[in-house]
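Please find one structure pasted underneath; my questions will follow.
Derivation of every value follows stated rules applied to the coordinates shown; laboratory data play no part. These numbers were taken from a predicted model, which means no experiment stands behind them. Counting neighbours? That spans all protein chains shown, and the Cβs are built from the backbone with ideal geometry, glycine included.
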Amino acid sequence: MINKVIVAMRKLSLITIHLNDLQGLVRTLDSIEVQAGLAVEEIEWIVIDGKTAGFEESEAFAKVKAKANVLISENDKGIYDAMNKGIQFATGRYCLFLNAGDVLGEFDTLAKILNHLCKNDLDVIFGAAWEGTTLESMRLKRCRDLHYISYGLPTHHQAIVMRTDLVRHFGFRTDMKIASDYLLVAQVLKMKGIRTAIIDSPICKFFFGGISTKAYWAGLKEQKIVRREVLGLNLVACTKIVVFKFATKMLKDITPRLYSLLRYSR
């Protein structure tokens, strides 16, 4: 019999935000269902739908309803409003935001995370991520050193497992459209005594094409707010970072093969 105290200490809440992507939602569900080495009490799945048209009449709805511990379908004010809503339902000590279309990195990803949490008293785990436009094109992107927070998230937010009470304490700023996850992680890392770990295991498979990919320049403007207001960087430092990030983007766009050699693990 699994120890109830251990379950309470490491229980993980998966939170999925969904709007108008039924195929992606089922893909996320499938990746959760194949997870091995777990007790049912160790995870919960919370799905927040933004009132997708026809959702409740769809085949996907029936599948999700059968698996989800919490399923809410109602209007919201955007993705970060929905994420705030999802965290309020979370009962796990830790949480992971795995939005519709996102896929867990491996068949035993959750078991690896829970085992790590069982052995270590942590506030945040940062993991690696597969990324690409299709499953066949995925490349492994390891988490950067946490000092990279001045430049941006050290890994995708879908590869960050955080204590639920920390997420609930700060919440996501709903006036931001792209960088509120960056803001929250920066706020947490600025706290004294935060216990973190970087693991090489891929926590998620990230598909390009989301809002942060499409709205690159708007994202840079919101990131500047984080750097100035939370990280305390001056205007000169912020400008240097923007130049660096723009140069990196140009390298990625113009010579993707060279960028891959420099950034991805083999």
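Of 103, 40, 26, which is the most mobile in a GNM of the chain whose springs link Cα atoms less than 10 angstrom apart?
Among 103, 40, 26, the largest GNM mean-square fluctuation belongs to 40.
Once you list every other residue whose beta carbon is under 9 Å from the beta carbon of residue 19, what net charge do they have if Lys and Arg are +1 and Asp and Glu are -1?
-2
Please enumerate, by chain and number, the lysines with C-alpha under 23 Å from the C-alpha of residue 119, excluding those fewer than 8 residues away in the same chain.
Within the straight-line limit of under 23 Å, residue 119 reaches these lysines: 4, 11, 192.
Work out how far the C-alpha atoms of segment 92-213 reach from end to end along every principal axis, then list the three figures in whole Å, largest first.
Extents along the principal axes, in whole Å: 41, 37, 26.
Would you mind computing the Rg to Rh ratio of segment 1-150 from its alpha-carbon coordinates, Kirkwood style for Rh?
Values: Rg = 15.9 Å, Rh = 16.4 Å.
Using Cα coordinates only, the ratio equals 0.97.
Quick one: pull the percentage of alpha-carbon pairs in the chain with a separation above 33 Å. All intermediate terms of the calculation are to be shown ahead of the outcome.
Numbers: 6294 of 35245 pairs.
Percentage above 33 Å: 18.
How far apart, in nm, are the 7 Å Cα→Cβ label points at residue 93 and residue 139?
Label at residue 93, label at residue 139, 3.8 nm between them.
Under 21 Å Cα to Cα from residue 77, which lysines show up? Leave out anything in the same chain fewer than 8 places away.
51, 85, 177, 214, 221
Something else about it: Restricting to the chain, compute how many DSSP beta bridges are antiparallel as a %, nearest 5.
Restricted to the chain, the bridges split so that about 30 percent are antiparallel.
Enumerate by residue number the chymotrypsin sites (Phe, Trp or Tyr not before Pro) in segment 159-256 meeting two conditions: DSSP loop (anything except H, G, I, E, B), and at most 16 other Cβ atoms within 10 Å of the site's Cβ.
Loop-located and lightly packed - 208.
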